[in-house]
């Protein structure tokens with residue numbers, strides 16, 4: 001997989017971003033954001049192929065949100081690496097205006113419900129764990145993550161009453177390596193005093209430095225009120241989420257109560273799934289994912305890795321039996337920013353299949 005990733009990064013022809021159709025109603029394009037006519041709802045979260053009646057068009061995350069205002073697809077333009085979101089449509093943004101009577105009630109109800117859920121987990125009373133805490137975490141790490149997320153959800157509720165953002169969250173995914181063990185960070189945890197790193201030690205954190213830097217830039221540009229950091233202790237005994245949290249809060253000026261953590265993701269498809277779950281916890285519809293060039297290639301609509309069964313959709317269907325949602329490059333002037341929604345049939349009414357998701 002590492003070799004394939006290097007080949008992918010070095011060979012642009014191995015990556016394809018599908019061209020958006022000029023006619024969004026053309027079969028096989030915009031229709032993917034709608035549920036198939038023969039959809040079997042009972043199979044959505046475990047037997048996807050049967051749920052969509054074995055139709056190939058629905059076995060991909062690609063749904064061309066830029067062609068449909070219901071996606072609330074907001075482009076983010078970059079000039080000299082500085083992001084600026086295009087205007088958010090009046091019916092979009094975060095908090096989500098989902099009801100004519102109480103426009104933001106769902107968002108704040110979700111924030112309160114999920115804050116209580118994480119507080120219960122932190123106190124040892126939570127029974128059903130969200131994906132971002134459901135791996136084999138040591139108890140103290142699960143409690144730590146639950147407290148962080150509860151605090152951030154409550155802080156986000158306060159921020160959401162003061163302003164409106166294009167996205168519910170900015171997200172970035174970790175990268176692990178043994179080199180990171182040669183820094184002070186394996187023993188560091190969020191909330192502790194910030195250790196100093198030498199230039200050499202900071203260099204050992206790449207490409208996390210690039211990813212966290214882009215997430216911080218997007219947060220400072222007002223793209224979203226919260227940042228999701230995702231990554232477990234996969235390639236070394238260091239949680240990638242803690243590493244990203246360190247970069248954001250200790251070096252890049254993002255407040256600690258603006259960061260949501262996922263210390264359980266093991267691969268990009270679990271990064272996407274767990275991030276989607278946290279978007280639902282925020283009561284939002286979409287996140288803005290930022291990364292580096294290598295992972296941005298992997299997140300595009302098709303890569304050579306798909307030929308070997310290693311694409312995100314393929315891995316999701318093989319590991320869990322369902323697709324995660326939809327994502328699509330949303331950055332202009334750069335290739336590393338993506339609109340991501342955990343709602344696969346986002347073009348359906350939100351009270352019906354438009355609100356169906358398998359990530360929460």
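Key figures
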| read-out | value |
| --- | --- |
| Residue match in segment 226-238 (condition: modelled with pLDDT of 95 or more, under 26 Å from residue 165 (Cβ atoms) and in a loop (DSSP other than H, G, I, E, B)) | yes |
| Segment 50-72, residues that are surrounded by 22 or more Cβ atoms within 10 Å (Cβ to Cβ) and over 23 Å from the mean Cα position of the chain (by Cα) | 51, 52 |
| Residue check for residue 360: touching a residue at least 60 places away in the same chain (Cβ under 8 Å) and buried (at least 22 other Cβ atoms within 10 Å of the Cβ) | no |
| Candidates 115, 85, filtered to the one that is at pLDDT 95 or above, more than 30 Å from residue 188 (Cα to Cα) and crowded, with 20+ Cβ neighbours inside 10 Å | 85 |
| Positions within segment 343-356 being buried (at least 23 other Cβ atoms within 10 Å of the Cβ) and under 13 Å from residue 44 (Cα atoms), in sequence order | 343, 344, 345 |
| Checklist (1) under 29 Å from residue 343 (Cβ atoms); (2) not in a helix (DSSP H, G or I) applied to residue 214, failing item | (2) |
| Those residues of segment 123-141 which are within 16 Å of residue 241 (Cβ to Cβ), over 20 Å from the mean Cα position of the chain (by Cα) and without any contact (Cβ under 8 Å) to a residue 60 or more places away in the chain, in sequence order | 136, 138, 140 |
| Scope segment 239-260; condition more than 18 Å from residue 210 (Cα to Cα) and crowded, with 24+ Cβ neighbours inside 10 Å; matching residues | 260 |
| Selection status of residue 294, touching a helix residue (DSSP H, G or I) at 6+ places or on another chain (Cβ under 8 Å), assigned to a loop (DSSP other than H, G, I, E, B) and at pLDDT below 95 | no |
| Any chance residue 20 is at pLDDT 60 or above and either surrounded by 12 or more Cβ atoms within 10 Å (Cβ to Cβ) or farther than 17 Å from residue 355 by Cα (or both) | yes |
| Residue, surrounded by the most Cβ atoms within 10 Å (Cβ to Cβ), within segment 299-335, restricted to residues that are within 15 Å of the chain's Cα centre (by Cα) and assigned to a loop (DSSP other than H, G, I, E, B) | 324 |
| Condition met for residue 224 (crowded, with 24+ Cβ neighbours inside 10 Å, in contact with a strand residue (DSSP E or B) (Cβ under 6 Å, 6 or more places away or on another chain), under 19 Å from residue 145 (Cα atoms) and in contact (Cβ under 8 Å) with a residue 24 or more places away in the chain) | no |
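The values are calculated or read from the model by the stated rules, or taken from the named source; none is laboratory data. Every value quoted in this text rests on a predicted model; they were computed, and no experiment measured them. Using ideal geometry, Cβ is built from the backbone for each residue, glycine included, and neighbour counts are taken over all protein chains shown.
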